[in-house]
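Asks: Once you've had a glance at the structure underneath, I'll fire off some questions.
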Amino acid sequence: MSQTLRYIAQFVPSFPTPMEPGILYISTTYSTAGHICPCGCDREVVTKLSPARWRVIYDGEVSLKPSVAAMGLPCNSHYFITRGEVEWHRKLDPVQAAKARSADHRAVEDLRTTPTSAQTKAGGTVNFSV
Ligand SMILES: [Zn+2]
């Protein structure tokens with residue numbers, strides 16, 4: 001297995017099996033992005049796209065925000081995908097990982113309890129809110 005340094009976007013109705021390394025699949029049907037972990041562990045990382053979770057920005061190159069901390073994967077990778085490039089970040093220790101999980105949970109709860117006009121009109125932002 002080798003590390004993935006770059007991703008290209010592929011818009012698909014649903015994810016292929018298996019996924020190919022180096023491709024960030026964006027499912028418009030399920031508002032979900034999926035990719036193979038860039039560390040080389042070959043695990044699939046699936047990120048839910050919503051204003052409280054992850055956003056995909058496509059401006060010719062693909063970005064996935066915020067960072068992916070692949071908790072639940074043995075590799076515990078933590079990285080950004082910015083304009084197609086993988087940017088590695090320090091791995092989270094177990095305490096930080098737990099915090100990140102609860103922060104993520106809170107963000108989702110906030111979204112549920114606060115109806116917002118989270119639709120973005122910014123050019124180039126791919127927004128899959130349903
Ligand atoms: Zn990995």
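The values are calculated or read from the model by the stated rules, or taken from the named source; none is laboratory data. Treat the numbers as computed from the prediction; the structure is a model and nothing was measured. Note: ideal-geometry Cβ built from the backbone for every residue, glycine included; neighbour counts use all protein chains shown.
Asks: What number of residues in the range 6-58 are part of a loop (DSSP other than H, G, I, E, B) and farther than 21 Å from ASP104 by Cβ? Even if it seems obvious, please write down each step before you answer.
Replies: From the range 6-58, those part of a loop (DSSP other than H, G, I, E, B) are 7, 13-22, 28-31, 37-43, 50-53; that's our starting set.
Of the ones still in play, those that are also farther than 21 Å from ASP104 by Cβ are 7, 13-22, 28-29, 40-42.
Selection size over the range 6-58: 16.
Asks: Can you confirm whether THR125 is over 29 Å from CYS41 (Cα atoms), touching a strand residue (DSSP E or B) at 6+ places or on another chain (Cβ under 9 Å) and modelled with pLDDT under 55?
Replies: Values: over 29 Å from CYS41 (Cα atoms): yes; touching a strand residue (DSSP E or B) at 6+ places or on another chain (Cβ under 9 Å): yes; modelled with pLDDT under 55: yes.
In short, yes.
Asks: I need the full set of residues from the range 24-45 which are out of contact with any Asp or Glu (no Cβ under 7 Å at 6 or more places or on another chain) and closer than 17 Å to PHE80 by Cβ, in order please.
Replies: Step one: filter the range 24-45 for residues out of contact with any Asp or Glu (no Cβ under 7 Å at 6 or more places or on another chain), giving 24-33, 35, 37-45.
Of everything in the range 24-45, those that are out of contact with any Asp or Glu (no Cβ under 7 Å at 6 or more places or on another chain) and closer than 17 Å to PHE80 by Cβ turn out to be LEU24, ILE26, ALA33, HIS35, CYS37, PRO38, CYS39, VAL45.
Asks: Please tell me if ALA69 is within 16 Å of the ligand (Cβ to nearest atom), in contact (Cβ under 8 Å) with a residue 24 or more places away in the chain and crowded, with 19+ Cβ neighbours inside 10 Å. It would help to see each step written out before you state the result.
Replies: Details: within 16 Å of the ligand (Cβ to nearest atom): yes; in contact (Cβ under 8 Å) with a residue 24 or more places away in the chain: yes; crowded, with 19+ Cβ neighbours inside 10 Å: yes.
Answer is yes for this residue.
Asks: So which of SER63, SER102 is free of Cβ contacts under 8 Å to residues at least 40 places away in the same chain, over 16 Å from GLN3 (Cβ atoms), more than 16 Å from the ligand (Cβ to nearest atom) and surrounded by 16 or more Cβ atoms within 10 Å (Cβ to Cβ)? So that I can check it myself, show each step before the final result.
Replies: On the way: SER102 fails: surrounded by 16 or more Cβ atoms within 10 Å (Cβ to Cβ).
Sole residue among the options that is free of Cβ contacts under 8 Å to residues at least 40 places away in the same chain, over 16 Å from GLN3 (Cβ atoms), more than 16 Å from the ligand (Cβ to nearest atom) and surrounded by 16 or more Cβ atoms within 10 Å (Cβ to Cβ): SER63.
Asks: Separate question: Starting from the range 40-51, keep only residues that are without any contact (Cβ under 8 Å) to a residue 60 or more places away in the chain, then list their pairs with residues that are more than 8 Å from the ligand (Cβ to nearest atom) and not in a strand (DSSP E or B) whose Cβ atoms are within a distance under 6 Å, requiring at least 6 positions of separation or different chains.
Replies: Filtered contacts from the range 40-51: GLY40/MET1; GLY40/SER2; GLY40/GLN3; ASP42/MET1; GLU44/MET19.
Asks: Do you know which of the residues in the range 72-94 that are within 13 Å of CYS41 (Cβ to Cβ) and among the small types (Gly, Ala, Ser) is nearest to the ligand (Cβ to nearest atom)?
Replies: Result: SER77.
Asks: Could you check how many residues of the range 67-78 are under 13 Å from the mean Cα position of the chain (by Cα) and over 14 Å from GLY34 (Cα atoms)? Spell out how you get there, then give the answer.
Replies: Taking the range 67-78 first, the residues under 13 Å from the mean Cα position of the chain (by Cα) are 67-71, 77-78.
Filter once more, keeping what is over 14 Å from GLY34 (Cα atoms): 71, 77-78.
Of the residues in that region, 3 qualify.
Asks: For GLY84, are the conditions met, namely being over 20 Å from ILE8 (Cβ atoms) and either surrounded by fewer than 19 Cβ atoms within 10 Å (Cβ to Cβ) or at pLDDT 95 or above (or both)? Before you say what the answer is, go through the steps one by one.
Replies: Values: over 20 Å from ILE8 (Cβ atoms): no; either surrounded by fewer than 19 Cβ atoms within 10 Å (Cβ to Cβ) or at pLDDT 95 or above (or both): yes.
No.
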